[in-house]
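Okay, so here's the structure we're looking at.
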Amino acid sequence: MQLYLHIPFCHRICPYCSFYKHTPGNTDMRAFIDAILLEGKKHVEKIGENKLTTLYCGGGTPSMLSPTHLKLLFSGLREIFDMSELKELTFEANPATFDLTKAKLFKELGITRISLGIQSFDNGVLKTLGREHNREEAMAAVPILREAGIKEVNIDLMFSIPGQTLEVWQDTLDTAVSLNPDHISAYNLTYEEDTAFIDKLTAGEYIDDSETNAQMFTAGHDTLTAAGFEHYETSNYAKIGTRSTHNLSYWKGANYLGLGPSAVSTVGNTRWKNLPDTANYINQINHVGHAQTESEHLTEEDLHLEQIALQLRTTDGLPLDVLSDGERQRAQSVIDEGMAKVLDGNMILTGEGRLLVDSIVEHIV
Ligand code: SF4
């Protein structure tokens with residue numbers, strides 16, 4: 001089973017972010033940890049399975065939890081879940097929230113992979129993004145994690161940010177490479193509903209330009225593949241043996257359980273979401289035993305469309321034999337136009353196709 005934990009706390013709120021998150025305020029952290037653990041225990045009792053293959057702690061900013069709360073969380077998780085065959089334990093961290101002592105604690109807790117929310121090494125861009133850290137803190141974070149003995153380090157980067165020129169993006173890419181991480185995720189900024197950024201886009205203050213997006217995507221691909229990273233998913237690059245196991249399972253449609261406010265779970269044909277409200281989440285878990293707010297039955301058609309959309313984003317590609325006759329004909333037209341190739345029966349997008357992945361998915365289905 002894949003397990004995701006949502007830790008919704010951030011020291012400050014970035015104006016582009018659409019995840020469920022908030023400043024801790026007067027949240028009772030001990031009660032929050034207890035609720036997450038109780039939710040996990042209830043699920044294990046219900047589904048009768050507790051063996052984890054991957055664990056991913058995201059947010060929010062999980063690394064802002066105090067050492068005491070981190071120890072409580074992980075000792076509780078180990079009592080509930082069997083982690084003897086865990087392949088990967090990823091923990092999201094922001095540079096300004098840990099030092100060497102805390103990084104050593106991450107290692108002691110069994111964390112194998114830290115995903116660093118750096119986004120940019122340019123102080124001007126970081127200011128636009130409302131991030132807490134600066135270039136120096138971002139650059140210091142990777143050596144600290146290495147010194148603490150963390151096995152794998154991912155750096156999250158973002159491009160097409162207002163005010164970010166191609167030169168500034170190139171400097172961020174080069175700086176990331178110079179730090180020798182195992183994995184880099186490079187995301188095109190998306191303007192999400194209910195964010196300050198989309199208000200500025202709507203008001204014409206910001207511009208979302210597809211040509212700039214394509215240039216920056218290509219700069220990312222060229223720089224990172226030249227530096228020895230494999231471009232294995234639209235936004236993800238890995239050195240040999242360091243692809244994200246958790247994300248790969250998700251892209252392949254594996255079951256996953258999500259704990260915490262706003263967390264989504266998919267088990268078989270059922271997908272549900274928890275309440276995106278920490279106080280109510282704690283209350284519901286303690287009094288009702290769950291905090292589910294939305295549940296949907298996924299039809300075979302839903303799962304099929306999802307498989308096409310997710311697997312076409314990977315370099316392993318989409319098995320052509322899962323497509324219907326009509327879908328296969330439309331896929332063939334994409335292949336004939338040179339935007340995809342076929343290898344071992346899988347359709348794999350090539351250069352231009354990768355840029356147009358969303359339109360290609362729409363075309364095929
Ligand atoms: S630190 Fe991450 S989760 Fe928190 S507001 Fe910023 S982008 Fe969102």
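The values are calculated or read from the model by the stated rules, or taken from the named source; none is laboratory data. Computed from a predicted structure; not experimentally measured. Don't worry about glycine lacking a Cβ; one is built from the backbone with ideal geometry, like all the others, and counts go over all protein chains shown. Note: areas computed on protein heavy atoms with side chains; ligands, DNA, RNA excluded. Shrake-Rupley method; radii C 1.70, N 1.55, O 1.52, S 1.80 Å.
Pick from segment 238-267 the residues that are open to solvent by 10 Å² or more (accessible area, probe 1.4 Å) and among the hydrophobic types (A, V, I, L, M, F, W, C): which of them is modelled with the highest pLDDT? For segment 238-267, the residue satisfying everything is Val264. The lone criterion from (1) assigned to a loop (DSSP other than H, G, I, E, B); (2) more than 10 Å from the ligand (Cβ to nearest atom); (3) out of contact with any Leu (no Cβ under 9 Å at 6 or more places or on another chain) left unmet by Glu85 is number (3).
Ile33 satisfies every condition listed in (1) in contact with a Leu (Cβ under 6 Å, 6 or more places away or on another chain); (2) open to solvent by 20 Å² or more (accessible area, probe 1.4 Å) except (2). Here segment 294-316 is the region considered, the condition is being out of contact with any helix residue (DSSP H, G or I) (no Cβ under 9 Å at 6 or more places or on another chain) and part of a strand (DSSP E or B), and the residue that is most open to solvent (accessible area, probe 1.4 Å) is His297. Close Cβ contacts (under 6 Å, 6 or more residues apart or on different chains) running from residues in segment 65-86 that are within 17 Å of Gly258 (Cβ to Cβ) to residues that are among the polar types (S, T, N, Q) comprise Phe81/Asn50.
The residues listed here are Thr68, Thr61, Thr53; of these, the one that is in the same structural domain as Gly117 (by TED's automatic domain parsing), in contact with a Cys (Cβ under 9 Å, 6 or more places away or on another chain) and either within 16 Å of the ligand (Cβ to nearest atom) or more than 17 Å from Glu92 (Cβ to Cβ) (or both) is Thr61. Note on segment 92-116: among residues that are closer than 12 Å to Ala148 by Cβ and either within 16 Å of the ligand (Cβ to nearest atom) or not assigned by TED's automatic domain parsing to the domain that holds Asn247 (or both), the one that is surrounded by the fewest Cβ atoms within 10 Å (Cβ to Cβ) is Phe98.
Exactly one residue out of Tyr232, Tyr250, Tyr281, Tyr237 is assigned to a strand (DSSP E or B) and touching a residue at least 60 places away in the same chain (Cβ under 8 Å), and it is Tyr232. Within segment 117-129, if we keep just the residues that are within 13 Å of the ligand (Cβ to nearest atom) and aliphatic (A, V, I, L, M), the residue that is farthest from Leu173 (Cα to Cα) turns out to be Leu129.
Tell me yes or no: at least one residue of segment 209-226 is under 19 Å from the mean Cα position of the chain (by Cα), part of a loop (DSSP other than H, G, I, E, B), at pLDDT 95 or above and in the same structural domain as Pro15 (by TED's automatic domain parsing). Within segment 209-226, not a single residue is under 19 Å from the mean Cα position of the chain (by Cα), part of a loop (DSSP other than H, G, I, E, B), at pLDDT 95 or above and in the same structural domain as Pro15 (by TED's automatic domain parsing).
If only one of Ser235, Ser178, Ser185, Ser160 is open to solvent by 30 Å² or more (accessible area, probe 1.4 Å) and out of contact with any His (no Cβ under 7 Å at 6 or more places or on another chain), which one is it? Checking each option against the conditions leaves just Ser178. Here Arg271, Arg243 are screened, and the one residue that is out of contact with any Gly (no Cβ under 6 Å at 6 or more places or on another chain), of a type outside the set (S, T, N, Q) and in a loop (DSSP other than H, G, I, E, B) is Arg243. The set of residues from segment 192-212 being crowded, with 16+ Cβ neighbours inside 10 Å and touching a residue at least 12 places away in the same chain (Cβ under 8 Å) comprises Thr195, Phe197, Lys200, Tyr206, Thr212. Could you grab me the full set of residues in segment 5-30 that are in a loop (DSSP other than H, G, I, E, B), open to solvent by less than 30 Å² (accessible area, probe 1.4 Å) and over 17 Å from Asn283 (Cα atoms)? Residues satisfying the conditions are Cys10, Cys14, Tyr16, Cys17. Looking at Glu132, Glu137, just one residue is over 21 Å from Lys71 (Cα atoms), out of contact with any strand residue (DSSP E or B) (no Cβ under 7 Å at 6 or more places or on another chain), at pLDDT 95 or above and within 16 Å of the ligand (Cβ to nearest atom), and that residue is Glu137. Sort out which residues of segment 53-69 are of a type in the set (Val, Ile, Thr) and open to solvent by less than 30 Å² (accessible area, probe 1.4 Å), and write them in order of number. Matches in segment 53-69: Thr54, Thr61.
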